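The values are calculated or read from the model by the stated rules, or taken from the named source; none is laboratory data. Just so we're clear, the structure is a prediction, and the values are computed from it rather than from any experiment. So basically every Cβ, Gly included, is an ideal-geometry build from the backbone, and we count neighbours across all protein chains shown.
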Amino acid sequence: MFPASIFLLSLVISSLPSVTNSLDAPRAIAGEDWTLVFDDEFTDENESLADWDRFGGTSSKTTGRNGRGLLIETEGGLAEPAYAGAVNHLGGGIKPDEIVTAEAVWRAIGDQPSDAVLAVKLEFKDLNGGTISSEETLVALGEALDGKWETTKIVARVPSSAASTDLVLVLVPGQHKGTLRVLVDEVSATRAAPPLDLLAGAGGFESSDGGAVGWTVFNNALAIDIGKGERAFKSWGPFGEPYSGSIMEQTVVLEKIRAGTKVHIKVDALTPGNDSIASTGNFPIMKVECLAADGRPIAHIEARPFDPTNGDVPINTWTSSTAELPTPEGTVAARFILGFIQPTTEAGSIFFKNPRLSVGSTSKNLLTNPELRPSDTTLPGWTVEGAIETGDQNHRGGATALRLGPGGPTSATRSIKDWKVGQKLRFEAWSKVLAESRGRGDSFTMEVVQIDRRGRAIDTQTRTAGWSEPGKWRSTGNGPLALQIEVLRGTKDIQLILRGPAEDGEVWVDDVVVNRADSTEDLATAIPIRNPGFEGFRPDEGRWAVSDGAWSHNGELQYYAPDSIVVNRKRMNITADRRRIGDREYSSGHVSTEGKHEQKYGKWEIRAKLPNSQGMWPAIWLLPVDGSWPPEIDIIELVGKEPNTVHHSFHWGPLRDGLLPWDLGQTATDDHAGKNFDTVFHDYGLEWTPKGIIWTVDGKETHRFGTTEAERKNLPKGPMYLIINLALGGFWPGPPGEDTKFPSTMELDHVKIWKWNGSDD
C-alpha cells in the first residue's frame with residue numbers, strides 16, 4: 001500500500017494497551033527473546049450498544065426486527081419527565097448545506113398513553129459540541145399499534161457553521177403512570193449535496209460579489225460590517241474538504257511599468273476567538289501575481305499574515321503584514337489575492353481589512369474600494385415594498401439576512417428562472433422573530449404564484465411560519481420538504497413573495513432556497529452510521545484507531561466507513577460493499593494502531609481470512625510513526641485477480657528526482673503461493689530485528705531481507721505502527737467486475753505483537 005497519513009481521518013486516542021509478559025511466543029529465529037505486548041483476540045462482547053451514547057433506560061439485550069434491537073424504556077407520570085434514548089455521532093464527512101435524511105424502524109410494546117412521544121432528531125453541533133440547531137420528527141405513540149413495526153424519517157439541511165451531526169432517539173413519557181417501552185432497530189441515514197439553487201444564492205441576501213465593489217470572491221468569503229464604521233472580509237474554508245479554501249481577489253492594471261519596479265502589498269488580519277484557526281493546520285495567505293498581457297502569471301510572491309504552525313495566531317487582535325515583488329519584463333497588471341487555506345477538515349475563519357497595493361516609491365493605494373464598501377444597499381433582483389433592509393446582526397447563514405418590518409405591510413418579490421412545465425419545485429425559507437415582536441399578527445408568509453401570459457394568477461401556494469420561540473430560527477416547513485409545486489401548463493412566470501407581519505412586527509428572513517424537488521434524491525448517498533442495527537461491537541479503542549474518510553491513493557475506490565468494521569463472535573470483520581458514500585461507489589474499513597501502539601523491532605502475528613474476488617485488496621502493513629515514507633513493510637497483500645498468492649514487500653528510501661522506491665530499485669518483494677486464503681484462517685507473521693526482516697505464513701519462512709550488511713543499512717530507523725485494511729480497486733488489483741462478490745469480508749481471528757528484547761548492536 002502507498003501511504004498518505006494526511007488523508008486518513010482516523011481517531012487518535014493516546015492510551016496504550018496493557019502490557020502482558022509472556023515468553024511463550026513461537027521463535028522463527030533461534031535464540032531470540034520476545035515479550036508479548038499486544039494481544040487482541042476480540043473477546044470483549046459484553047456490550048452491543050457501542051457507538052451509541054445512552055441516557056435513561058436502554059438495553060440491547062433483546063430481539064429486534066432483524067437480530068438485536070435497542071429497547072428504550074422509561075416511567076411516565078413523574079413530576080420531572082424521565083427521558084430515555086440514545087445518540088449516534090454520524091460519520092461520513094457530512095458537509096454544511098447538505099441534505100441529511102435519517103430513518104429509524106421501531107415498534108411500541110404494550111399500550112401507550114396518548115401524550116407519549118418518540119422523537120427522531122438531527123442535532124447539529126459546533127466545534128465545541130454545542131448545539132447550533134436541530135430538526136425533529138415527533139411520533140404520537142398512543143396512535144401506534146402494539147407490535148407493529150413503523151418507520152419514522154427526519155430530513156434537515158446542515159447549517160453552514162456545523163462541525164458535526166448527531167442522530168438522536170428520545171422516548172418522551174406522558175402523564176400516564178407506568179412503564180413505557182419502544183423497540184428500535186435498523187437505523188439508516190443518507191446525505192445529498194444541496195440541489196441546484198434556482199435563486200443562485202440570492203436567498204441569503206448577500207451580494208453576488210461578496211458585498212464589496214470591485215472584489216471577486218470564491219467559496220466562503222463575504223464583506224461584512226465589523227463596527228465603528230469599518231468593514232472586513234470574512235473568509236472560511238468549506239468544512240470537511242481537505243486541501244480547499246476561500247479567496248478574494250482584485251486585478252490592478254499597471255500602466256507604463258518598468259521591469260524591476262517593486263509591487264508592495266499590505267493587509268491587516270486576525271482570527272476570532274470563537275472560531276479560531278489555532279491548532280487546526282489552517283492558515284491565511286496574502287499574494288500578489290504579476291500578469292502578462294495574456295493574463296498569464298509570470299511572477300508571484302506569497303506570504304502568511306500570521307502562521308499558526310509557529311504558534312503565531314493573533315486571536316481577536318489585528319496584525320499588519322507586508323510583502324513586495326519586483327516586476328519582470330512584460331508585466332501589465334498585478335493580481336492581489338487574500339485567502340484562507342484549509343489543508344485539514346477542521347474549521348475556523350480569518351478576517352482581513354485595510355488591503356493595500358502600491359508600486360515603486362509611491363504611496364498611492366491602487367486597489368479599488370479598499371474600504372470594502374457594499375455594492376448595493378438594496379436587494380438586486382428583488383422588488384420590495386415597505387420598511388425592508390439587510391443587516392448582519394441577525395443572520396442564520398452567510399453574513400446577512402433580510403428584515404421585514406416594522407411599520408406595516410412589507411414584502412420582497414422576485415421571479416424564478418430556469419424551470420420547465422411539469423417540473424416540481426421546492427421552496428423553503430427560514431424566519432426569526434425578536435421578543436418584542438411576538439404576537440403582532442402573522443410573523444412571516446412565503447407565497448408562490450404561477451402567472452400566465454396575461455398576468456393572471458393560475459395557482460397560488462402559501463406557507464406561514466407562525467410565531468416561533470423568540471430568537472429561534474424556524475423553517476416554513478419540515479426542513480427541506482417545505483412548500484412544493486408542480487409547474488402548470490400555461491405558466492409564463494413564477495413569483496416568490498416574502499411577506500412580513502401585517503401589523504407593526506419585525507421578522508428576519510434568511511436562507512431562502514428554491515430548487516428542483518427531484519434533484520436531491522438522485523444524489524443521495526449513505527452515511528456510515530456506527531452500529532446501526534445494535535448488533536456489533538467496536539474494536540477496542542485503547543488498541544485501534546478506526547478511519548472515517550475517502551482515500552484516493554493508488555487509484556482506490558472505497559470510502560473507509562467506521563460501520564464497515566464489526567467485532568462479533570470473537571472476530572473482527574472488515575467488510576467491503578457496493579454502497580455509495582459521498583462520491584465513492586464502495587465502502588470498506590481501515591484500522592490501525594496509530595497513536596495506540598508502535599514499536600521499533602518486534603514480532604507481529606495476524607490470523608486472518610482474506611477476500612479474494614476481483615478488485616479486492618486486503619493488506620496488513622507497517623508505517624513509520626513520524627509520518628515519513630518510505631519505509632513501508634507489507635506483511636501481506638492479496639489482489640483479487642491473483643487469489644492464490646500473497647505478496648510480501650519492503651520499500652525504503654531516500655527518494656530522489658520524483659521517483660518511487662520501485663523505480664529506484666529500493667524494493668524487496670516476494671510472493672507466496674497457496675490455497676484457500678479466503679476460506680481457511682492463516683497466520684501471517686513478521687519478525688523485525690537489527691539482523692533483518694523475516695516474513696512467515698503459518699510459521700514457515702516465506703521471505704527474508706537483511707542477509708547482507710548493505711541490506712541491513714536500509715532497515716527502518718524508527719518505530720512503526722500496524723495497519724489492517726481492505727481496499728477496493730486501485731492500479732494493481734483493478735476495479736471490481738461483474739463477478740465481484742459483495743459484500744466481501746476480511747476476518748481477523750487475533751492480532752499479537754511481541755517486543756524484541758535484544759540490543760541494537
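Brief remarks on what is shown
- Test: residue in the stretch 174-184 that is assigned to a strand (DSSP E or B), touching a residue at least 24 places away in the same chain (Cβ under 8 Å) and small (G, A, S): yes
- Any hit, the stretch 196-209, residues being in a loop (DSSP other than H, G, I, E, B) and over 30 Å from L425 (Cβ atoms): no
- Identity of the residue in the stretch 106-135, outside any strand (DSSP E or B) and in contact with a Leu (Cβ under 6 Å, 6 or more places away or on another chain), that ends up surrounded by the most Cβ atoms within 10 Å (Cβ to Cβ): Q112
- Filter result (small (G, A, S) and buried (at least 21 other Cβ atoms within 10 Å of the Cβ)) within the stretch 602-618: G602, A608, G615
- Scanning the stretch 415-439 for residues that are modelled with pLDDT of 90 or more and among the small types (G, A, S), we see that the one that is nearest to S475 (Cα to Cα) is S415.
- Sole exception among (1) modelled with pLDDT of 95 or more; (2) within 14 Å of P618 (Cβ to Cβ) for H651, by number: (2)
- Qualifying position, being among the basic types (K, R) and closer than 30 Å to G758 by Cα, among R607, R580, R584: R607
- Screening L78 against (1) at pLDDT below 85; (2) within 30 Å of S759 (Cα to Cα) leaves a single unmet condition, (2).
- Restricted to strands (runs of 3 or more DSSP E) entirely inside the stretch 287-367, those with at least 3 residues that are within 30 Å of N274 (Cα to Cα) and at pLDDT 85 or above are 319-326, 333-342, 349-359.
- Tallying residues that are among the small types (G, A, S) and without any contact (Cβ under 8 Å) to a residue 24 or more places away in the chain within the stretch 68-80 yields 1.
Residues checked against (1) touching a residue at least 40 places away in the same chain (Cβ under 8 Å); (2) outside any loop (DSSP other than H, G, I, E, B); (3) among the small types (G, A, S):
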| site | (1), (2), (3) |
| --- | --- |
| D53 | no, yes, no |
| N66 | yes, no, no |
| A82 | yes, no, yes |
| E103 | yes, yes, no |
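- Checking each residue in the stretch 240-264 for being out of contact with any Asp or Glu (no Cβ under 7 Å at 6 or more places or on another chain), in a strand (DSSP E or B), buried (at least 16 other Cβ atoms within 10 Å of the Cβ) and hydrophobic (A, V, I, L, M, F, W, C) picks out I247, M248, V252.
- Of the numbered criteria (1) of a type outside the set (F, W, Y); (2) crowded, with 17+ Cβ neighbours inside 10 Å; (3) free of Cβ contacts under 8 Å to residues at least 60 places away in the same chain, the one P631 fails is (3).
- Residue match in the stretch 563-581 (condition: at pLDDT 85 or above, of a type in the set (D, E, K, R) and within 25 Å of P716 (Cβ to Cβ)): no
- Residue match in the stretch 202-210 (condition: buried (at least 23 other Cβ atoms within 10 Å of the Cβ) and touching a Lys or Arg at 6+ places or on another chain (Cβ under 8 Å)): no
- G281 being surrounded by fewer than 20 Cβ atoms within 10 Å (Cβ to Cβ), in contact with a helix residue (DSSP H, G or I) (Cβ under 8 Å, 6 or more places away or on another chain) and at pLDDT 75 or above: yes
- Residue match in the stretch 559-570 (condition: over 13 Å from H590 (Cβ atoms) and touching a Ser or Thr at 6+ places or on another chain (Cβ under 7 Å)): yes
- Hey, T740 in contact with a Ser or Thr (Cβ under 6 Å, 6 or more places away or on another chain), over 22 Å from L622 (Cβ atoms) and modelled with pLDDT of 95 or more or not: no
- Selected residue [in the same structural domain as M746 (by TED's automatic domain parsing) and in a strand (DSSP E or B)] from D671, D626, D663, D678: D671
- Any hit, the stretch 285-299, residues being touching a Pro at 6+ places or on another chain (Cβ under 9 Å) and loosely packed, with under 13 Cβ neighbours inside 10 Å: no
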